[in-house]
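The values are calculated or read from the model by the stated rules, or taken from the named source; none is laboratory data. Computed from a predicted structure; not experimentally measured. For neighbour counting, all protein chains shown are included, and Cβ atoms are generated from backbone atoms with ideal geometry for every residue, glycine included. These accessible areas exclude ligands, DNA and RNA; they are computed on the full protein's heavy atoms, side chains included. Shrake-Rupley method; radii C 1.70, N 1.55, O 1.52, S 1.80 Å.
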Amino acid sequence: MLLREVEYARPASVAEALAILKQHDGARALAGGQTLINVMKARVASPDVLVDLNGLDDLKGIELGSDGTLTIGAMATYTDIAGSAEARARPILGEVCLTIADVQVRNRGTIGGNVCSNDPTNHLPPLLCAVGAEMTIASEDGERTVAAAEFFLGVYLTAVGPGELLTKLTIPAGKHDGFAAVTLGADGTCIANAAASLNGSLRVALGCVDAVPIVVQPASAAEDAVREAVRGAGLMPPSDVHASSEYRIHLAEVLAVRAARQAAERS
Amino acid sequence: MSDSTTIAPDRVEVQAPQKQWQGQSVPRKEDKRLTQGQGVFVDDIKRHGMGYIHFVRSPYAHAHITSIDVSKAEEIKGVYGTLTGEEVASLTDPFFQLATPPGAHLKDYALALGKVRYVGEAVVAVVAETRELARDASELVEVEYEPLAAVVDARNAQDDGVPVLHDDAGSNMMWESVYEWGDLDAAFAEADRIVKIKELHFHRFNSTPLECDGALVEFNRGTGQWTIHTNNQFPGFAQIMMGPALHCGLDKLRFVTQDIGGGFGNKITSHPQLVACCLLARKLNRPVQWTEWRTDFHLSMSHGNERWFQDTEVAVKNDGTLLGFRTKALDDAGAWLRYEPLGGVIWAQVTPGVYKWRNIRLEFTQVATNKAPCSPNRGYSRMQHLWFTERVIDIVAHELELDPVEVRKRNYIKTEDMPYETPNGCIYDSGDYSRMLDIALELIGWKDAAARKKEAASRGKLLGIGIGSTLDSGTNNFGQSRMINPELQFSGNNEVATVKLDVFGEIVVTLGTTPQGQGHETTAAQVVADILGCSMDDVYVRAGHDSYWNSHAGFSGTYASQFAVTGLSAVKGATDMLAEQIKRLGSVILGGVPVDALELADGTVRIKDNPEAALPFMACGAIINANNAGLPEDLDVTLNCRYVYRPPFEVPDVEKKFGNLTLTYAAQIHAAVVEIDPETGHYEIVDYAAVDDCGIRIHPQIVEGQVMGATAQALGAVVHEAFEYDEDGNLLTPNFYDYHVPHALDMPPLQTGYIESPSPFTPLGTKGMGEGGGAGIHSVCAAVQDAMRGHGDAIVYDSWNPYKRVWEMLQHPEKTRALVEVVDA
Amino acid sequence: MSAIASSKAVTVTVNGVEYEREVEARKLLIHFVRDDLDLTGSHIGCDTGNCGACSMIVDGQLVKSCMLLAVQADGASIETVEGLAEDGELTALQQSFSDHHALQCGYCTPGMLMSATALLRTNPNPTDEQIKKALQGNICRCTGYWNIFEAVKAVGS
Ligand SMILES: Cc1cc2nc3c(=O)[nH]c(=O)nc-3n(C[C@H](O)[C@H](O)[C@H](O)COP(=O)(O)OP(=O)(O)OC[C@H]3O[C@@H](n4cnc5c(N)ncnc54)[C@H](O)[C@@H]3O)c2cc1C
Ligand code: FES
Ligand code: FES
């Protein structure tokens, strides 16, 4: 429970936050804190400076463009997303957010934090890969965008580098999405999960099977095609107390089929 | 057959006083403070100038400690001091061991000495001005280790070349004994079939009370006394362990507790940490405070006994009549014997389970491994054994293609045979298992099973129904410890209560127990109010426990399903004494009316035939305590009564391992319905029924609450909860993230039922209860096995069945089927 | 530019009472409230944010106070279990917990009550499923939850 000493800043603007992050090597953004504070309790991570993003309203917006493109600020919480009329344009987002952990965690945890922490068991990294989100990353030097599929680099490692912030996520229009998971108890941590999106071609992203979501593109949503695509991915998931590698490979296939089916059946 | 017979306790006339309060679900006295956040839990207690303790813990499962350097930590401003194993060894004796050799040779101290034996073992304690600082400083403690290979599988702990945890013991075998009753050869000769089960495994978990352990310890230099504010749930045991170690009399160890955030047996063995606290309070001359965090708890506190049952053979008739069994129980005690090897005998309280098995042989071996020490956990040691007997029943039924309900009914001990003497001399006091099963089957809709299976199959699901029975043996005869070690001078049991009438007529009750949610203040008040003929609101039961209250006996505490017997009998005894004294006083004051012409009612003592002639309790209290001049010299009345209830026990026959080991036997019959998704192994418990019989229920709602809570714990344990280690001895489930306990959304619909078979052996007809939840594990195991019937026919061989295992069993049923063989006798 | 500091003066209102304290940045809100403000009704049951024993309502929102720094709560209005009853008069929810035996040891109860309070504020008549969903973040090891569901439901209807 007891954190190492840390300095704290609550910037008033994104620019200020970026400046602090740039000035201090050991600075880290603090979003919902639902992961970061816990790793600090365990003293697994000990940033020198916490840059609290909670005061930055610029990062909280959820907007629906005229073309159906959804833009979600990195600091939008799961509760914000689940309750947002705009976000309903892509219903799967709110639906999945509502199955993450519990009310308290959903009230604080943010979409930005979820993808930036990139815990392989998190719900949103595979989902955002499947729906083809783009991440906007800002630094004092300017902004860049990275496709979700390129955003995730390793466990707790993403394209957001030192001195940078994820500011928003952009999600194209679409409705034919699915998500399936086997979790530790109802609405619990994922043992394996899969997200699918069939808007044009089918894209399936598999979670919990590697350090980053594994994206496959089956030829169709037919069961055989999906299974074949998953098999073709040559998964080598880790074994842990909840699942053997073999079991995860199997689950990935079954869940991919289910997510794809849900995407296909969705009107 | 054994020729000796246990002497059944005398039947106690179950008294039915005007039961205005008993039997009612009255509001709990505890609730008002607890719902307002006004409880006082150990971590809420603060003292001026107190120091916070942080334990430096071993990162290795097994290693020599080659050096410890605390100097850098001690240099930090705000650090008050440290404590190492060497210092502990110079100041204390090792804890007294219950085992005979080789376990007897263990040298167990408050901190690791020379060696660490599990990940999380406390090596050094650091005390500082703040919690954070204590932890900061502990990072500066330099400990060098020389790692050794870890022993993590009890099954090879005794192999050649396997490292030995305790050189003093010479091997990893800690304690062993052979139990045999009846005539095994005859039973196997009589059998039509022998069902052989190679191996069954009961897994390691515990009840993970939401509050972890803790203490605030003060040392009084002038009197040499420690005041230990702690949530330890069995101060009597802690004192007996700590006194000799600290070279002090037991009265120097004052235990104080108010509210405890759940215990379930897991808070019995905190004595090593408490000794460290005592030493530090004395050394640093200031109060010290220890908070155990969740990860610390999972790594180091009171794991439930992990047990293997190997080479089991069951003698059965073709009609399912069970004649006897042989098995080898291999118990994994973890790194130290903190309460062990008592688990090596506690199971024998329920030797045949609820069945008429007369011929039983069990070879018990307990080994040490590089895992956290085991200690009691709700259902302690009986749960393991009862899971085994229930597994045997279902495996026998399935292999012989018999109906598990029929097999149970055929073999249940019958209500007309109660009190029933088991092959090892335990006396089951009362009960009706068949009737309970009928109720459970009715609640769960057993007769519709076939239709439900079909309906589930149409949705692609495998549905299974299973039954689980447990006995909650309550009120230990500590004489059974002599079967572990004949030298031990323990037997019987006791509990204390005091009841007094104070100056202004307040009725004040103190208990020797340390409740953790069981509502003792309420049930004690119910008993007192009925006897004294007053309102429950007029009865003040002091919250918690303080060994200074003089309501404290050798076995005081709250553990092992006994309050309704020992605690309430003590309350009853003390209150009966007080009632009698009030009447004697009344007799004098009311002008010499005979005592039997008086009654207690409406908070007065009055003449039965003339209720107007009444003396209020307030007057009684005032007269004796503050206005007593002129009372007759021979009026021996204090209105302050202390009673020690001593259950009727004999010392068991240690040679024959025979005797009555517990006074009461509450029973639980549960039934579960599960639905498995065969594609993933994921399953849900979709229906659940729990039927309980704990004799007379003083407070039905509290009793039902215990049933529910125990059930929930079992459902968590069978599906999710396990203390799993990797081969290096790292705990893989050190927190609630990976150790998934049931949450709100995990709870199945529950139906409860009950019958009341009064115990003929207890003053109130009550039975101890609260630990019967193991039935949930048994019934879910049975249901999972049932669901897989016709789908590979896998055998459920483990008490932990996470989705991955169920999937495995569906993929490779043959691996599990290889564990079982049926041969014609 | 805002100050970067390892400790900070923090002003919070807890159950209507204003407190001002100098706090280390690393201190969790739960420790601040329990240890510094001596409001020990809220509890700690885990070190990973799973158990909910520390649940509080901060600026109208239910949170687990072990995943929030005290400095983050500067300026906030905080509600804890101690603020529910007025003058010792239990709220309907507290009374219902007692009536339904929804607590045993009472250790989870403060957090549980805060979660249920938050639920009932936005949804005065929750369904069974909504109750379960609302209490998902609060672990109880004693009751098996069934009586807690009943207690919340009784207040709702
Ligand atoms: C009990 C519990 C159960 C949970 N179960 C699940 C679950 O089932 N599924 C799931 O997906 N999650 C789960 N979580 C994790 C939760 O979703 C977290 O909220 C999430 O992982 C992190 O989001 P956060 O906003 O809290 O980020 P923080 O914890 O504040 O930050 C996480 C990391 O991301 C960085 N970061 C955050 N925002 C930015 C940004 N805008 N730019 C750059 N870096 C940033 C931080 O520096 C930090 O390194 C659970 C958490 C808890 C406590
Ligand atoms: S202590 Fe905050 S969630 Fe457990
Ligand atoms: S009542 Fe004990 S944890 Fe809930």
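A few points about this structure:
- Output for the stretch C:33-48, where each listed residue is over 27 Å from residue A:100 (Cβ atoms) and outside any loop (DSSP other than H, G, I, E, B): C:34, C:35, C:36
- Search result, residues across the stretch C:131-143 that are more than 16 Å from ligand 2 (Cβ to nearest atom) and more than 14 Å from chain A (Cβ to nearest Cβ): C:143
- Any hit, the stretch C:115-128, residues being crowded, with 21+ Cβ neighbours inside 10 Å, touching a helix residue (DSSP H, G or I) at 6+ places or on another chain (Cβ under 6 Å), within 19 Å of residue B:31 (Cβ to Cβ) and at the interface with another protein chain (Cβ under 7 Å from one of its Cβ atoms): yes
- Residue check for residue B:184: within 16 Å of ligand 1 (Cβ to nearest atom), among the aliphatic types (A, V, I, L, M) and either open to solvent by 30 Å² or more (accessible area, probe 1.4 Å) or modelled with pLDDT of 95 or more (or both): no
- On the stretch given as the stretch A:61-118, residues that are over 13 Å from the mean Cα position of the chain (by Cα), within 14 Å of chain C (Cβ to nearest Cβ) and in a loop (DSSP other than H, G, I, E, B) total 4.
- Strands (runs of 3 or more DSSP E) completely within the stretch B:197-271 that count 3 or more residues being polar (S, T, N, Q): B:225-230
- Inspection of the stretch A:186-206 identifies at least one residue that is open to solvent by 10 Å² or more (accessible area, probe 1.4 Å), modelled with pLDDT of 95 or more and away from ligand 1 (no atom under 16 Å from the Cβ).
- Of all the listed residues (A:227, A:266, A:261), the sole one being at pLDDT below 95, over 21 Å from the mean Cα position of the chain (by Cα) and on the phi < 0 side of the Ramachandran plot is A:266.
- Single match in B:614, B:574, B:524 (criterion: in contact with a Lys or Arg (Cβ under 8 Å, 6 or more places away or on another chain), among the hydrophobic types (A, V, I, L, M, F, W, C) and assigned to a helix (DSSP H, G or I)): B:574
- The listed residue being out of contact with any Leu (no Cβ under 8 Å at 6 or more places or on another chain), surrounded by fewer than 16 Cβ atoms within 10 Å (Cβ to Cβ) and more than 30 Å from residue C:145 (Cβ to Cβ), out of B:223, B:227: B:223
- Some residue of the stretch A:119-133 being among the polar types (S, T, N, Q), within 14 Å of chain B (Cβ to nearest Cβ) and more than 16 Å from ligand 3 (Cβ to nearest atom): yes
- When the stretch B:590-622 is filtered for residues that are of a type outside the set (Asp, Glu), within 19 Å of residue B:506 (Cβ to Cβ) and open to solvent by 50 Å² or more (accessible area, probe 1.4 Å), the ones remaining, listed by number, are B:616, B:618.
- Condition check for residue C:89: more than 8 Å from every other protein chain (Cβ to nearest Cβ), open to solvent by 30 Å² or more (accessible area, probe 1.4 Å), within 30 Å of residue B:521 (Cα to Cα) and more than 17 Å from the chain's Cα centre (by Cα): yes
- Meets criteria (at pLDDT 95 or above, open to solvent by 20 Å² or more (accessible area, probe 1.4 Å) and away from ligand 3 (no atom under 16 Å from the Cβ)) for residue A:27: no
- Cβ-Cβ under 9 Å pairs, at least 6 apart or on other chains, the stretch A:67-93 side among the aromatic types (Phe, Trp, Tyr), far side part of a strand (DSSP E or B): A:78/A:110
- Residue within the stretch A:156-171 that is among the small types (Gly, Ala, Ser), surrounded by 21 or more Cβ atoms within 10 Å (Cβ to Cβ) and touching a residue at least 24 places away in the same chain (Cβ under 8 Å) present: no
- Of residues in the stretch C:34-53 being closer than 15 Å to residue C:14 by Cα and within 11 Å of chain B (Cβ to nearest Cβ), the one surrounded by the most Cβ atoms within 10 Å (Cβ to Cβ): C:41
- Candidates are the residues of the stretch B:748-763 that are open to solvent by 10 Å² or more (accessible area, probe 1.4 Å) and in a loop (DSSP other than H, G, I, E, B); the one that is nearest to residue B:414 (Cα to Cα) is B:757.
- Looking across A:26, A:33, A:83, one residue alone is in the same structural domain as residue A:157 (by TED's automatic domain parsing) and of a type outside the set (A, V, I, L, M, F, W, C). It is A:83.
- Any chance residue B:406 is touching a residue at least 12 places away in the same chain (Cβ under 8 Å), farther than 27 Å from residue B:672 by Cα and not aromatic (Phe, Trp, Tyr): no
- Of all residues in the stretch A:221-247, those that are in a helix (DSSP H, G or I) and either open to solvent by 10 Å² or more (accessible area, probe 1.4 Å) or aliphatic (A, V, I, L, M) (or both) total 12.
- Of the residues making up the stretch B:414-436, those that are of a type outside the set (Phe, Trp, Tyr), in contact with a helix residue (DSSP H, G or I) (Cβ under 9 Å, 6 or more places away or on another chain) and part of a helix (DSSP H, G or I) number 3.
- Within the stretch B:183-234, tally of residues that are among the β-branched types (Val, Ile, Thr) and out of contact with any strand residue (DSSP E or B) (no Cβ under 8 Å at 6 or more places or on another chain): 2
- Scanning the stretch C:66-80 turns up no residue that is over 11 Å from the mean Cα position of the chain (by Cα), surrounded by fewer than 24 Cβ atoms within 10 Å (Cβ to Cβ) and within 8 Å of chain B (Cβ to nearest Cβ).
- All positions within the stretch B:720-744 that are open to solvent by 10 Å² or more (accessible area, probe 1.4 Å) and more than 16 Å from ligand 2 (Cβ to nearest atom): B:720, B:724, B:725, B:726, B:727, B:728, B:730, B:731, B:732
- Residue within the stretch C:134-157 that is in a loop (DSSP other than H, G, I, E, B) and away from ligand 3 (no atom under 16 Å from the Cβ) present: yes
- Residues of the stretch B:343-356 satisfying the condition of being buried (at least 24 other Cβ atoms within 10 Å of the Cβ) and not in a helix (DSSP H, G or I): B:352, B:353, B:354
- Matching helices (runs of 4 or more DSSP H) fully within the stretch B:69-157 where at least 2 residues are surrounded by fewer than 21 Cβ atoms within 10 Å (Cβ to Cβ) and of a type outside the set (D, E, K, R): B:85-91
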